[in-house]
Amino acid sequence: MLKVYAILIIVGVLGTFAYGAKYYYNTTQATIATLRENNAQLEVAVQTAQASVESLQQDMQKFAELNSQLQADLQAAEAYGDELQSKLNRLDLVQDALRDAETLEGKMNGATANLWRDIIKDTGGDASRPLPQWLQSGEQARTGDTDSNQDRENTSASGESPQTNTAE
């Protein structure tokens, strides 16, 4: 009888070890499968991150090029502004206006029209439109009211039309 008990104990111990080994194997395999899935997700995330970094580097190079172009344009604009300032300093607009007001007005209107066309062209508009009537030369443009603000709304606080003093 003792032999039977000993055999039962040995079979029980071996069964427990076998069950423990099978449990350990199953949990290890489940952990390996989970780690394999996580590794696949991480590889996709790394590829996405690398693509993002490459895209950012390309954008950074593009922005650097655009920035240098803007810097060059700014320097050119500042040089042009300095040139205009020196021209303005050499001119005496008051005497020119007193001598020949119509010619000065034409020059100013032409320069203004060119400036607006450049602004329209730089912002993507159609700069090939004809000049507005107030910038056209000749008698056809001078007919009607001589007020240069005729197409503007009245902005006075009282709502009355603005009064001009024609006495010199």
Rounded to one decimal in nm, the spacing of the 7 Å Cα→Cβ label points at Leu74 and Asp92 is 3.9
FRET efficiency for Thr34 and Ile9, using Cβ-Cβ distance with R0 set to 35 Å, rounded to 0.05:
0.40
Could you check the simple spin-label distance between Glu83 and Glu102, using points 7 Å along Cα→Cβ, in nm with one decimal?
3.1
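Bear in mind that the values in this text are calculations on the coordinates, not laboratory data. Everything quoted here is computed from the prediction, not taken from an experiment. All Cβ positions, even for glycine, are placed from backbone atoms using ideal geometry, and neighbour counts span all protein chains on display.
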